[in-house]
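Below is one structure, written out as structure tokens, with a few remarks after it.
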Amino acid sequence: MLPCVNYFKILLLATPVLLLPAVTYAQVVPGTGTLIAQDKFEDPSFVYNANLPKSSREEDGNVRYPLGVSNNGLWFESPKRGAPDSVKWVEAPAGAIPGSTGSLYMRSRDTGIPGNPGYNFRKKDVHQAQDDFIMKARGLSVANSPSCVVRVYVPAWEHWEERNGVSFGLRAGMQGPMEKDKEVSIGRRFMRSKRTEKVTEIEPYYPGFFIQYVPTNSRENTTGKPYAKILLRADERGHEMAGPIIREPGWWTLGMSATPDSRVHYYAHAGVHDLTSADYIRSALPYDIKGTSFSTIFFNICSADNGESWSTPWIIDDPSIYAGSGNFAPPSTTGAVPKPAAAKPPTPRAAAAIAK
């Protein structure tokens, strides 16, 4: 008779072992599921009340309440960077979504500290600053496979700010746990020392798209013609990833989605038709953060912040947020403008949570 230990060795070798695969999720095409928030910009009475001077917490720690807010209550100023200098309703440019009559125009000159142009260049050797314009939306879990879609009008090259750099951004506000080094004090008052330990904290992060201008005189431009390129933020190390090249002005459709595994999926194409799986660019786990929630989207408008030159003029249409799964009632309005008295800016606490 075999010894007991050998018997069990034979039993283990003869018994099939079920190895469960890691859970993976299919990409979600942006625009899939239930509409959560949207502004179609069809009412020309849209007005953005800027409540100047705008905020610049990122540069000088100054949040200047009350924040700017639109009269339909769907848009507000970022306490971190302030809102674009010019925000207004305009007629939709040619080639817009069939039936669309209105769009949103955004442009900036003083994208840094009000009355103190060039701060970023003097302090950080950065030749630009940016404003943020935030859409009010319902927060979603990544378990709901949230996504966003927006149409963006790329202007003719002669209307661009003559600067080799990022001009426009579409970003999502997300957050999730991230391990980091944190300095802590130990010991009594007169015998204290400090040490660094690993802690896990909920960290905000902002994946999305940037559109960067490449003028004819740029060293990287070998075509002899100006063009723009789409950059995706970000990969696991926080680096930007290359996206499509824009050779001709006109409408583009941008979209991104997040799946329950926290990965973000980027889609884009020229034109205004709905996104499909054929428009997929790539996926990533931005900053290697296992994101848990998706709060809203916002737009960056960038300029040289030199007190003189204006940014490229940007026009967007039908920004929309969706939940790919879960039971959600659709929004009661899609951009209709109520009476101005009904629109209130978010409280300081709510605004800070969305644009931390």
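The residue that is farthest from the chain's Cα centre (by Cα), among those in the range 59-78 that are crowded, with 24+ Cβ neighbours inside 10 Å and small (G, A, S), is S70.
Mind listing just one residue for me: the one in the range 214-270 that is charged (D, E, K, R) and either open to solvent by less than 20 Å² (accessible area, probe 1.4 Å) or within 15 Å of the chain's Cα centre (by Cα) (or both) and, of those, nearest to F299 (Cα to Cα)? Ranking the candidates gives R233 first.
Taking the range 61-82 as the range and being of a type in the set (G, A, S) and either in a strand (DSSP E or B) or farther than 20 Å from F46 by Cβ (or both) as the test, the residues that pass are G61, S70. Would you mind stating whether H273 is open to solvent by 10 Å² or more (accessible area, probe 1.4 Å), of a type outside the set (A, V, I, L, M) and in a strand (DSSP E or B)? No.
Report whether or not I97 is within 17 Å of A137 (Cβ to Cβ) and either surrounded by fewer than 14 Cβ atoms within 10 Å (Cβ to Cβ) or at pLDDT 95 or above (or both). Considered against the rule, which asks whether it is within 17 Å of A137 (Cβ to Cβ) and either surrounded by fewer than 14 Cβ atoms within 10 Å (Cβ to Cβ) or at pLDDT 95 or above (or both), I97 comes out as no. The residue list R109, R81 contains one member that is open to solvent by 20 Å² or more (accessible area, probe 1.4 Å), modelled with pLDDT of 95 or more and farther than 15 Å from I134 by Cβ, which is R109. In the range 40-53, the residue that is surrounded by the most Cβ atoms within 10 Å (Cβ to Cβ) out of those that are assigned to a loop (DSSP other than H, G, I, E, B) and in contact with a strand residue (DSSP E or B) (Cβ under 6 Å, 6 or more places away or on another chain) is F41.
Annotation for the range 115-130: no member residue is out of contact with any Lys or Arg (no Cβ under 8 Å at 6 or more places or on another chain), within 21 Å of T296 (Cβ to Cβ) and either at pLDDT below 95 or part of a strand (DSSP E or B) (or both).
The lone criterion from (1) closer than 21 Å to D131 by Cα; (2) touching a Pro at 6+ places or on another chain (Cβ under 6 Å); (3) assigned to a loop (DSSP other than H, G, I, E, B) left unmet by S309 is number (2). When restricted to residues that are farther than 18 Å from Y287 by Cβ, small (G, A, S) and either open to solvent by less than 40 Å² (accessible area, probe 1.4 Å) or in a strand (DSSP E or B) (or both), the range 159-201 contains 4. Residue check: is F133 open to solvent by less than 30 Å² (accessible area, probe 1.4 Å) and either assigned to a strand (DSSP E or B) or more than 26 Å from F328 (Cβ to Cβ) (or both)? Judged against the criteria, F133 is a match. The residues of the range 287-341 that are modelled with pLDDT under 95, aliphatic (A, V, I, L, M) and under 24 Å from E91 (Cβ atoms), listed by number, are A336, V337. Of the numbered criteria (1) touching a residue at least 24 places away in the same chain (Cβ under 8 Å); (2) over 30 Å from A329 (Cβ atoms); (3) of a type in the set (S, T, Y), the one S147 fails is (2).
Scanning the range 138-158 turns up no residue that is part of a strand (DSSP E or B), among the hydrophobic types (A, V, I, L, M, F, W, C), touching a helix residue (DSSP H, G or I) at 6+ places or on another chain (Cβ under 9 Å) and surrounded by 22 or more Cβ atoms within 10 Å (Cβ to Cβ).
Of the residues that make up the range 228-239, is at least one more than 21 Å from A172 (Cα to Cα) and either touching a residue at least 40 places away in the same chain (Cβ under 8 Å) or in a strand (DSSP E or B) (or both)? Within the range 228-239, one or more residues are more than 21 Å from A172 (Cα to Cα) and either touching a residue at least 40 places away in the same chain (Cβ under 8 Å) or in a strand (DSSP E or B) (or both).
The values are calculated or read from the model by the stated rules, or taken from the named source; none is laboratory data. For clarity, every value in this text was computed on a predicted model and none was experimentally measured. Positions of Cβ are generated from backbone atoms using ideal geometry, with glycine treated the same way; all protein chains shown enter the neighbour counts. Surface accessibility is based on the protein's heavy atoms, side chains included, excluding ligands, DNA and RNA. Shrake-Rupley method; radii C 1.70, N 1.55, O 1.52, S 1.80 Å.
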